[in-house]
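The values are calculated or read from the model by the stated rules, or taken from the named source; none is laboratory data. The structure displayed is predicted, hence computed values, not measured ones. Ideal geometry is used to build each Cβ from the backbone, glycine not excepted, and the neighbour counts take in all protein chains shown.
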Amino acid sequence: MKKAFILLMIVILSVSLIGCSSTTSDKSNKIVIGGKNFTEQDILVYIMKDLIEAKTDLKVEVKPFLGGTNIVAQALEAGDLDLYAEYTGTGLMNILGEPVLNDPEATYEKVKKLYKDKKNIVWLKPLGFNNTYTLSMRADQANQLGIETISDLVKHTPNLTLGATHEFLERDDGYKGIKKVYGFEFRSPKGMDPGLTYAACRDGKVDVIDAFATDGRIPAFQLKVLKDDKNFFPPYYAAPIIRADTLEKHPQLADVLNMLSGKLDDKQMAALNAKVDLEKKDAKEVAREWLKAQGLI
């Protein structure tokens, strides 16, 4: 009886240890990718996920649509995420609080160095596209008012309504900064969800919006991007950024994610965004189709 009890305890302990080992292994073999709360980020989350799972033995958990920049950036720094796609201008001004740089390469090199030195976060190679902020409006209205540039817009802003994301309204590289540089003030700026601004402009509910340069709804909704003639907006080249400790554990991630370097230009990214926003395709499907078309998976 005593021997039977001892054997039973050995079996239970062995099963328990196997379970613990499996859990530890699963945890060490998993990474978490996050994304901000707009379409482009959703697509990039699944592009990175599918590529990593195709090229490594790692399992990927995704946390898309987490929120605005600060929420996702804080999640990365806290270790709740291992990586996400960030934009050089956003990292430079919004996260690091540095002054604007207009040279794309200088901007990238500066955020790469400061993130590593201050945050122990690594910028991998840029994906290829520059999703800069723009001010955009209905093309027919812009033509009627003779507006080609943001400077042309200035004298009309007291009579026009701005619809913008809450984040844009609060950012120094957004409304807070641009109104100082150009010297204008819109009548009653409206904070809106990122997914609603384009249709609101198209339908005449607002006159001007903060549009992303790579958004397919700009041409589809016959909107006009106003030229930033004072070069206020910095370059916003997208690149995967990853915790240094994650990269130390899984160094293969650098080579895998750098396979995306230069593969997505502005036009291609806009086309992918349009497939989700206008054709109503699933971001997961769009990401996978693009990876297959590129021969990456």
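Taking Leu247 as the residue in question, decide whether it is more than 25 Å from Leu114 (Cβ to Cβ) and among the aliphatic types (A, V, I, L, M). No, not satisfied.
The condition of being part of a helix (DSSP H, G or I), surrounded by 20 or more Cβ atoms within 10 Å (Cβ to Cβ) and modelled with pLDDT of 95 or more holds for only one of Ala142, Ala75, Ala85, that being Ala142.
Candidates are the residues of region 28-61 that are surrounded by fewer than 17 Cβ atoms within 10 Å (Cβ to Cβ) and touching a helix residue (DSSP H, G or I) at 6+ places or on another chain (Cβ under 6 Å); the one that is farthest from Gly128 (Cα to Cα) is Thr56.
Whenever a residue of region 38-64 is more than 20 Å from Lys280 (Cα to Cα), its partners that are basic (Lys, Arg) and not in a strand (DSSP E or B), lying with C-beta atoms within less than 6 angstrom and at least six residues away or across chains, give the pairs Asp50/Arg288; Val60/Lys49; Val62/Lys49. Every listed requirement among (1) in contact (Cβ under 8 Å) with a residue 60 or more places away in the chain; (2) over 22 Å from Leu278 (Cβ atoms); (3) crowded, with 23+ Cβ neighbours inside 10 Å is met by Lys227 save one, (3).
Among Lys284, Lys280, Lys263, Lys267, which is over 17 Å from the mean Cα position of the chain (by Cα) and not aromatic (Phe, Trp, Tyr)?
After ruling out the rest, the residue left standing is Lys280.
Taking the conditions (1) part of a strand (DSSP E or B); (2) of a type outside the set (S, T, N, Q); (3) surrounded by fewer than 20 Cβ atoms within 10 Å (Cβ to Cβ); (4) within 16 Å of the chain's Cα centre (by Cα) in turn, Pro240 satisfies each one other than (3). Every residue in region 273-297 that is touching a Gly at 6+ places or on another chain (Cβ under 8 Å) and aliphatic (A, V, I, L, M), please. Within region 273-297, Ala274, Leu278 meet the criteria.
For Glu61, the stated conditions do not hold, so it cannot be described as under 26 Å from Asp265 (Cβ atoms), at pLDDT 95 or above and of a type in the set (Asp, Glu). Set side by side, the residues Leu264, Leu291, Leu223 differ, and just one is in contact with a strand residue (DSSP E or B) (Cβ under 6 Å, 6 or more places away or on another chain) and either over 28 Å from Ala73 (Cα atoms) or at pLDDT 95 or above (or both), which is Leu223. Identification of strands (runs of 3 or more DSSP E) wholly contained in region 156-218 with 2 or more residues that are hydrophobic (A, V, I, L, M, F, W, C) and crowded, with 16+ Cβ neighbours inside 10 Å yields 161-165, 208-212. Give region 206-220 a look and list any residue that's among the acidic types (Asp, Glu) and at pLDDT below 95, or say none. Across region 206-220, the qualifying residue is only Asp215.
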